[in-house]
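Enquirer: Have a look at this one before I ask anything.
The values are calculated or read from the model by the stated rules, or taken from the named source; none is laboratory data. Only a predicted model underlies this, so the values are computations on that prediction, with no experimental measurement involved. Cβ placement follows ideal geometry from the backbone for every residue including glycine, while neighbour counts extend to all protein chains displayed.
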Amino acid sequence: MINQTFQYDQTSVRLQIEGLPDLSIDNDKECLGIISTWTLSLVGSPSLEGKREHLQALMATVLPYSRHCISDVKSSFGDASGPIRIEPSSKGHKLSLVSSKPDIPPLAINLDDAELADLVHCLDDMRMDPRVKINWDLPVDMPLTKRQIAYKTPLAQRIGAPLIGGSLLLIYSLLLLVLPIPDGEERKLNDQTEPLEVSLTTKL
């Protein structure tokens, strides 16, 4: 059986997966249905390796995190005691990885926005590759709720527009009540009412 190797490259990230076709579901020999190992190389950081479950955990953590960053709702993703966690940091984004081997210390990788975008691009390219016949068990992408977005919006920005609009409406209403009627309008009103009074007097 032929071992398959697929590679996905971006400016600062390279993702390589290796495996075999899954004959139990009649995979084509050019496809990959069983991942034996994968390697992730990031510029300036040591290469990462693991099994399918580690790659799936990486996608389940990084992909929703990036979606929230696009909406400017930054929050941490990944269990604090789990193998992978990503969170905002002063340098951009902190990716923390805990090895399943006890003799390997935890690894923290700092990513800027461009590096995070490259990582997401590689993961998406692999996930959407028609040659990779793997049913990834990933969380369903759900739109952010209004409460999540509003929570990150400054209070002044949330109430500023309604407050200004209501204030302007109140000011214009008061001005209409206070301002006197122009002389021309008073004469016009008097001219319209005088014939009516004469007509009523004549009938009486």
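Enquirer: Taking LYS146, is it more than 30 Å from ASN27 (Cβ to Cβ), basic (Lys, Arg) and at pLDDT 85 or above?
Expert: No; evaluated as a whole, the condition is false for this residue.
Enquirer: Can you name the residue in the stretch 18-36 that is in contact with a strand residue (DSSP E or B) (Cβ under 8 Å, 6 or more places away or on another chain) and over 17 Å from ARG127 (Cβ atoms) and is also surrounded by the fewest Cβ atoms within 10 Å (Cβ to Cβ) among such residues?
Expert: The qualifying residue surrounded by the fewest Cβ atoms within 10 Å (Cβ to Cβ) is GLU30.
Enquirer: Here's another thing I want to ask about it. Among (1) at negative phi; (2) surrounded by fewer than 18 Cβ atoms within 10 Å (Cβ to Cβ), which single condition is GLN4 missing?
Expert: With respect to (1) at negative phi; (2) surrounded by fewer than 18 Cβ atoms within 10 Å (Cβ to Cβ), GLN4 is out only on (2).
Enquirer: Could you list, ordered by first residue, the pairs with Cβ atoms under 7 Å in which the first is in the stretch 38-59 and in the same structural domain as ILE134 (by TED's automatic domain parsing) and the second is exposed (fewer than 14 other Cβ atoms within 10 Å of the Cβ) and among the hydroxyl-bearing types (Ser, Thr, Tyr), at least 6 apart or interchain?
Expert: As it stands, the answer is THR39/SER47; LEU40/SER47; SER41/SER47, since those pairs meet every condition given.
Enquirer: Output the strands (runs of 3 or more DSSP E) that fall wholly within the stretch 21-97 and possess 3 or more residues being over 15 Å from ASP118 (Cβ atoms), or say none.
Expert: 34-42, 84-89, 92-97
Enquirer: A further question on this structure: With the structure loaded, tell me whether THR61 is touching a Leu at 6+ places or on another chain (Cβ under 8 Å) and within 15 Å of CYS122 (Cα to Cα) or whether it fails that test.
Expert: no
Enquirer: Continuing with this model, one more query. So LEU123 ticks every box in (1) in a helix (DSSP H, G or I); (2) under 15 Å from the mean Cα position of the chain (by Cα); (3) modelled with pLDDT of 65 or more but one. Which box is left unticked?
Expert: Only one criterion is unmet by LEU123, namely (2).
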